[in-house]
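Enquirer: The structure's right below; bear with me while I get my questions together.
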Amino acid sequence: MMPLERFLIEFLLNFLTRGELNALLRSPQNTATLIGCLIAISGALLGVFLLLRGMSLTSDAISHTVLLGIVVAFLLMTKVFGVAGDTSSPWLILGASLAGVGTVLLTEMLYRSGLVRQDAALGLAFPLLFAIAVILVSRFVDDVHLDEDAVLVGEIGLAWANSNSHCFEHCETVTVTEDHPAAKMTRQCLNCRALGISPRDRRAEFIEVCGNCGDYSPARAWSAGLLEREPALVFFPKSIAVTSIMTLLTLAFVLVFYKELKLSTFDPALAMALGFRPGLMHYALMILVSLVAVGAFDAVGSILVIAFFIIPPAAAYLLTDRLALMLLLSPLIGAAGAYFGYDLARGQLFGFIPIAEGIAAVNRLFGLALIEAWDSSISASMVLMIFILFTLAWVLSPRYGLISTLIRRAIRRRLFEDQVVLAHIHNHQHTAQAATELRVATLHAHFRWTPRKMGRVLARLRALGFISIVAGGALLTERGDGHVHRFRKTMLEAHNMPGVD
Amino acid sequence: MAGRAFPGEDRRVWLIIAAIVLGGALVIPLSQALFGLRFTYTVRVVALGGAILGVLSGALGCFAVLRRESLVGDALSHAALPGVAIAFLLAGRELSPLLIGAGVASWLGLRFVAALLTTTRIKQDTALGIVLASWFAAGIALLAYIQSIPDASQAGLDHFIFGQAAAIIESDVRLVSAVGAVVLLALALFWKEFKLVTFDAEFAGANGFRVGLINALLSTLVVVTIVLGLQLAGVILMVGMLIAPGVAARQWTQKLDQMVILAAVFGAFSGGLGAVISALDSDIPTGPMIIVVAFALVLMSLFLAPGRGLLWSRLRGRANRRRFAARNTLRDLYRYALAHGAAESPVPDAFIRGVGDRSAELGLSQLRGDGHVRLGADGWQLSQSGIDLARRDGRNQALWNVYRLHAHELNLPIVAEERYVDIASRLPAAAIAELERRLPGSAGG
Amino acid sequence: MEHPDRPALSIDDLTVAYQEKPAIWDIDLDVPEGVLMAIVGPNGAGKSTLIKAALNLIPRAAGSVSFSGLPYERARSLVAYVPQRGSVDWDFPTSVLDVVTMGLYGKLGWFRRPGPSERELALGALEQVGLADFAERQISQLSGGQQQRTFLARALVQDAQIYFMDEPFAAVDAVTENAIVNILRQLNQRGKTVLVVHHDLQTVAEYFDWVTLLNVEVIAAGPTSEVFTLENLQKTYGGRVSYLHGGQLMTASAP
């Protein structure tokens, strides 16, 4: 991870001074927003394919299973190998992702065998793995970066603080030994505990111990006051490197395999026939989803992450029919949600509507005394913001939105009412029952409609010049007759298409 | 009874249920007497509460399992969280308003899913995922806001996330029992309707049942059950407590009433045990513990349950294969022997193995064990019992063939065509005589 | 065949739409009492829709349906319905006898449970379809044909006047097909009216005395001998029809 971070920093230093870069990265808001956007982009891109393949809940399954992978890998690191646990270590990420994919494959095999249904597998096996992980976390892991809260919401707000330091100038490493002037020597009793005596006892034996000996990186040496000249340091949050790699990998995957992904999503059989190996695409997709879920764990935990996979693609799906446009809109919506989400957590809806006023209004309304300062979870607020954007897309989308759908349905219903009445007149005029079937005064009773509804339709048809009313009975005009023939023809042709049921 | 699938199954399931109930009731007195374990009053309350909630979620969960609505249950329980938080802000830490808040939030989530499904092209799984994630996020955001309030009285709200048995007190158990009794009473009263609508809603509708109303009632009962269980199992893992007992019970029985009762018993067991373990070790959250216990029951049932269980179906598959192989091998032996003189003539080993390969080996070993065939110097030779059996079987097959072709024109009674069952046990003697006249090669045919 | 004044089923100006697209359109149909009627038409012609709309299972956009002059709400006990076999989960934990007993739930009304007399009735119906030996069997162990006969028994036990059957002959074995035909004829002899959605043009003339040709609209309806003609079939299927009639292959193609 380190060389890559260094490469990124050197690249950024072409545009910014070191001071500016540090100011940028040491700001909680910038770091959280950047990480949130990166997770949103990679999740939203992959989510488009998950949605179109009807696999939206696979991300749910994977986020549940990778948690167990993360916890087991973490326990292996700390308890077996005795190294410091670090949830952004590349080995942990790789191991946990593979464990996640493996478990999902195993479950797929299980329900393909017909013993367990898919919904039961999702409702049973994945909660079980999650439950085991939670028990392990609460019982055996003692670490601030991996506790129940971290599992739930991650710690995106503190991501800036969990960083690696990189030195660019005056990089002195210091090794403090016992004879170093800065060494702090203390006396320790060797046999006090064994004999159960106090250090003042005459029998006590002492040795001199160095309290601060060891190797100091430039950053630590500077903060310990061992250096005279300040080294040129850049602090780089670990999560940014991890999520950047995830995003780059995802982008590369989608760009390189765009054609294959498209074909295997819409027509797996054809993809197979053309030799594209749709199975391979499926597994590649799952591995990437696992990687992103593990990579995002530090920042947003293992539950909220599914929102980044599911909601932005669903919003894009309501806005467009074109895959390429969906792949553009989905990450945009996700990133916008992450960006405004930070403001929401700090009490500003869309950056300018203060939530405090809303709470004050609630207080007035219910006579409560709730605190008006709103300070909340950043990751949860990002998800909420994405959801708000989704709701906006749902209501306002010109093609599939709620408003346009309702309007379109009302128009279609009117058109349909017209057609039903016209067809009825067409079928019955010039027959023996015409007198009873077509009497305007009783027509509504044949349809079981209210007189008002029938009156409205008849008035409309008359205004359109499709019917005329002769001696209390409805008759098609020539224009109306032509209209009936036209729409009958198109409709019946549509029904003779094979496979319509 | 002739057509019975697993004779005695009914009684066996009732015995299992009785045994578990008895064992469960005696756990506390017995472990006190035998191991000198002490259970404090708190632990007893927790155990009782867990068991009651387990009964409820096990019984109602069966319907969620049969309607393939596990994921709906999952989304519903996640969606309860913001309701709990808002109810706390409005009414403070009283259990009943918190539960009402949870119920309202779940219900709103369900309505949102329904609205998405009716007005857009989004599929059910995606809609459930959207509601699950967003409602949960709203809950988490509200909890974080509540934690920022200096007054410390919010302690315990986060128990609703992973569940905390130790937080259950006697008044909670009383509330749960009262509401639970109403739920179970409703289940008993509308049993017939719930069963019909779950099995065949269309037929129910054609028979004048108000399917929409019955479905709404059943969903309401499931929501109430989920809401009651939240304090124990938590919003994230409640679905496991709902689904697991039903899945386990399904393996043991073929009847809905037995399934529901057995699931209730399994639920009580996992709810009670999970709650007690977590109450004894406060580091372990209750929800995960209940899932682990319940899943152990599922695993055990998947493997061991007679009939459906993996172990038994493996064994039964083997027995069937043996019987089938024996039948085919006997027929091949008999035909070869007849073609080469008499029924007693020996059949070369190479021939029969060449015909049947692996299944011949299986069949021969079975036939030999039954004394129908023996290996002589020139090959396999049928014994008298083997010849009889081969003849009977051949005639039975021939009669079934005639039945299939001519049953209609002969106006014979309609029976299930099971070719390895003796046809004489299915049809009256007159009908058999009629069929025999039509056998190929007989005078009448 | 008699033609009494009051038809067993009378459909008047019925229109049903899915999302404002008509599935059946302004249908008028009178089915006389005591006929054995096939409803025939291509895929998507609205055959199942017609049955479901008549039984109030889906909303009607316009029109009315009456059974022997009564609206559906008052004629429920006159009507029995055999849904498509694939419409239910056959892994449901219940026995054959239990499924047949469900046919009596409607008569029992709310709260009441089926008792021994219902059990007797259900066993009688199973006897009729030749599944008496299977009464206690779990429904997942049935073959497709046996499932269909179970559904038929469930309708028989209702002892109705009008029977609606949605594709009972779809993918069943010969024994089951014969059993169903026998039962259809028995019902017919007892003066019941039977409406069957049917796919197999070969057997229409043999099994049914009345036929309705449907393709969104009613193309023709009446006695099989008059209505089931090549010309009408051609209108219904829009060309490309071929089927065996009296051992002779009849083929029609669009003009």
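Enquirer: Name the residues in the stretch A:399-418 that are in contact (Cβ under 8 Å) with a residue 12 or more places away in the chain and surrounded by fewer than 22 Cβ atoms within 10 Å (Cβ to Cβ), would you?
Expert: A:399, A:400, A:401, A:414, A:418
Enquirer: Exactly one of these conditions fails for residue C:117: (1) open to solvent by 50 Å² or more (accessible area, probe 1.4 Å); (2) part of a helix (DSSP H, G or I); (3) facing chain B (nearest Cβ under 9 Å). Give me its number.
Expert: Here residue C:117 meets the rest and fails (3).
Enquirer: A further question on this structure: Identify the residue in the stretch C:218-229 that is assigned to a helix (DSSP H, G or I) and open to solvent by less than 30 Å² (accessible area, probe 1.4 Å) and, among all such residues, is nearest to the other protein chains (Cβ to nearest Cβ).
Expert: Among those that are assigned to a helix (DSSP H, G or I) and open to solvent by less than 30 Å² (accessible area, probe 1.4 Å), it is C:227.
Enquirer: Where in the stretch C:24-112 are there strands (runs of 3 or more DSSP E), lying fully within it, with 3 or more residues that are within 30 Å of residue C:138 (Cα to Cα)?
Expert: C:79-82
Enquirer: Also, I was wondering about something else. In the stretch C:48-92, which residue that is charged (D, E, K, R) and modelled with pLDDT under 90 is nearest to residue C:146 (Cα to Cα)?
Expert: The residue in question is C:85.
Enquirer: Hey, another quick one. Can we say residue B:181 is more than 14 Å from chain C (Cβ to nearest Cβ) and without any contact (Cβ under 8 Å) to a residue 24 or more places away in the chain?
Expert: Yes, satisfied.
Enquirer: Applying the selection to the stretch A:398-442, what residues are hydroxyl-bearing (Ser, Thr, Tyr) and more than 9 Å from every other protein chain (Cβ to nearest Cβ)?
Expert: Those that are hydroxyl-bearing (Ser, Thr, Tyr) and more than 9 Å from every other protein chain (Cβ to nearest Cβ): A:404, A:431, A:436, A:442.
Enquirer: Only residues that are of a type in the set (Val, Ile, Thr) and either open to solvent by less than 80 Å² (accessible area, probe 1.4 Å) or in contact (Cβ under 8 Å) with a residue 40 or more places away in the chain (or both): list them for the stretch A:228-270, please.
Expert: A:234, A:240, A:242, A:243, A:245, A:247, A:250, A:254, A:265
Enquirer: Checking residue B:309 against (1) within 14 Å of chain A (Cβ to nearest Cβ); (2) under 30 Å from residue B:199 (Cα atoms); (3) crowded, with 23+ Cβ neighbours inside 10 Å: exactly one of these is not met. Which one?
Expert: Going through (1) within 14 Å of chain A (Cβ to nearest Cβ); (2) under 30 Å from residue B:199 (Cα atoms); (3) crowded, with 23+ Cβ neighbours inside 10 Å one by one, residue B:309 breaks only (3).
Residues are listed down the side, and each one gets a yes or a no for (1) over 23 Å from residue A:47 (Cα atoms); (2) within 8 Å of chain A (Cβ to nearest Cβ):
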site: B:104; (1), (2): yes, no
site: B:118; (1), (2): no, no
site: B:121; (1), (2): no, yes
site: B:128; (1), (2): no, yes
site: B:134; (1), (2): no, yes
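Enquirer: Then there's this: In the stretch A:221-250, what residues are over 30 Å from residue A:301 (Cβ atoms) and part of a helix (DSSP H, G or I)?
Expert: A:221, A:222, A:223
Residue by residue, here is whether (1) within 10 Å of chain A (Cβ to nearest Cβ); (2) surrounded by 18 or more Cβ atoms within 10 Å (Cβ to Cβ); (3) in a helix (DSSP H, G or I) holds:
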site: B:240; (1), (2), (3): yes, yes, yes
site: B:245; (1), (2), (3): no, yes, yes
site: B:276; (1), (2), (3): no, yes, yes
site: B:292; (1), (2), (3): yes, yes, yes
site: B:314; (1), (2), (3): no, no, yes
site: B:323; (1), (2), (3): no, no, yes
site: B:336; (1), (2), (3): no, yes, yes
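Enquirer: Assess whether residue A:323 counts as being open to solvent by 10 Å² or more (accessible area, probe 1.4 Å) and either under 19 Å from residue A:251 (Cα atoms) or touching a His at 6+ places or on another chain (Cβ under 8 Å) (or both).
Expert: Yes; evaluated as a whole, the condition is true for this residue.
Enquirer: Right, something else. May I ask you to list the residues in the stretch A:326-374 that are closer than 24 Å to residue A:400 by Cα and open to solvent by 70 Å² or more (accessible area, probe 1.4 Å)?
Expert: Listed by number, the residues that qualify are A:328, A:332.
Enquirer: If you take the residues in the stretch A:22-40 that are among the β-branched types (Val, Ile, Thr) and buried (at least 24 other Cβ atoms within 10 Å of the Cβ), which one is farthest from the other protein chains (Cβ to nearest Cβ)?
Expert: Here the answer is A:31.
Enquirer: Could you run through the stretch A:443-460 and say how many residues are more than 12 Å from chain C (Cβ to nearest Cβ) and open to solvent by 20 Å² or more (accessible area, probe 1.4 Å)?
Expert: Counting residues in the stretch A:443-460 that are more than 12 Å from chain C (Cβ to nearest Cβ) and open to solvent by 20 Å² or more (accessible area, probe 1.4 Å) gives 6.
Enquirer: Same structure again: Does residue B:141 count as small (Gly, Ala, Ser) and within 23 Å of residue A:342 (Cβ to Cβ)?
Expert: yes
Enquirer: Right, next: Looking only at residues in the stretch C:49-64 that are open to solvent by 10 Å² or more (accessible area, probe 1.4 Å) and more than 8 Å from chain A (Cβ to nearest Cβ), which one is nearest to residue C:236 (Cα to Cα)?
Expert: So the residue we want is C:49.
Enquirer: Right, something else. Looking at C:161, C:128, C:138, which is the one that is in contact with a strand residue (DSSP E or B) (Cβ under 7 Å, 6 or more places away or on another chain) and open to solvent by 20 Å² or more (accessible area, probe 1.4 Å)?
Expert: Matching residue, one of C:161, C:128, C:138: C:161.
Enquirer: Can you tell me which condition residue A:496 does not meet? The list is (1) at pLDDT 85 or above; (2) at the interface with another protein chain (Cβ under 10 Å from one of its Cβ atoms); (3) open to solvent by 50 Å² or more (accessible area, probe 1.4 Å); (4) more than 30 Å from residue B:112 (Cβ to Cβ), and all the others hold.
Expert: (1)
Enquirer: Being closer than 30 Å to residue C:107 by Cα and hydroxyl-bearing (Ser, Thr, Tyr), is that true of even one residue in the stretch B:218-234?
Expert: Looking for residues that are closer than 30 Å to residue C:107 by Cα and hydroxyl-bearing (Ser, Thr, Tyr), one finds at least one in the stretch B:218-234, hence yes.
Enquirer: How many residues does the stretch A:116-157 hold that are open to solvent by 30 Å² or more (accessible area, probe 1.4 Å), at the interface with chain B (Cβ under 10 Å from one of its Cβ atoms) and not in a helix (DSSP H, G or I)?
Expert: 1
Enquirer: Suppose we filter the stretch A:294-317 for residues that are farther than 22 Å from residue A:258 by Cβ and either open to solvent by less than 10 Å² (accessible area, probe 1.4 Å) or within 8 Å of chain B (Cβ to nearest Cβ) (or both); how many remain?
Expert: Looking only at that region, the number is 14.
Enquirer: Looking only at residues in the stretch B:201-221 that are in contact (Cβ under 8 Å) with a residue 60 or more places away in the chain and open to solvent by less than 20 Å² (accessible area, probe 1.4 Å), which one is nearest to the other protein chains (Cβ to nearest Cβ)?
Expert: Restricting to residues being in contact (Cβ under 8 Å) with a residue 60 or more places away in the chain and open to solvent by less than 20 Å² (accessible area, probe 1.4 Å), the top hit is B:218.
Enquirer: Follow-up. Just give me the residues in the stretch C:178-217 being within 14 Å of chain B (Cβ to nearest Cβ), without any contact (Cβ under 8 Å) to a residue 60 or more places away in the chain and farther than 16 Å from residue C:156 by Cα, in sequence order.
Expert: Within the stretch C:178-217, C:178, C:203, C:206 meet the criteria.
Enquirer: Between a residue in the stretch B:366-392 that is assigned by TED's automatic domain parsing to the domain that holds residue B:326 and any residue that is open to solvent by less than 90 Å² (accessible area, probe 1.4 Å) and basic (Lys, Arg), which pairs come within a Cβ distance under 9 Å, given they are 6 or more apart or on different chains?
Expert: So the pair list comes out as B:366/B:322.
Enquirer: Do you know which of the residues in the stretch A:41-95 that are within 14 Å of chain B (Cβ to nearest Cβ) and in a loop (DSSP other than H, G, I, E, B) is surrounded by the fewest Cβ atoms within 10 Å (Cβ to Cβ)?
Expert: Checking each candidate, the answer is A:54.
Enquirer: Every residue in the stretch C:99-114 that is open to solvent by 60 Å² or more (accessible area, probe 1.4 Å) and at negative phi, please.
Expert: C:107, C:110, C:112, C:113 - these are the residues of the stretch C:99-114 that are open to solvent by 60 Å² or more (accessible area, probe 1.4 Å) and at negative phi.
The values are calculated or read from the model by the stated rules, or taken from the named source; none is laboratory data. Since we're looking at a predicted model, the values are computed, not measured. Methodologically, a virtual Cβ is constructed for each residue, glycine included, from the backbone with ideal geometry; neighbour enumeration extends over all protein chains shown. In case anyone asks, the SASA skips ligands and DNA or RNA and just uses the protein heavy atoms, side chains included. Shrake-Rupley method; radii C 1.70, N 1.55, O 1.52, S 1.80 Å.
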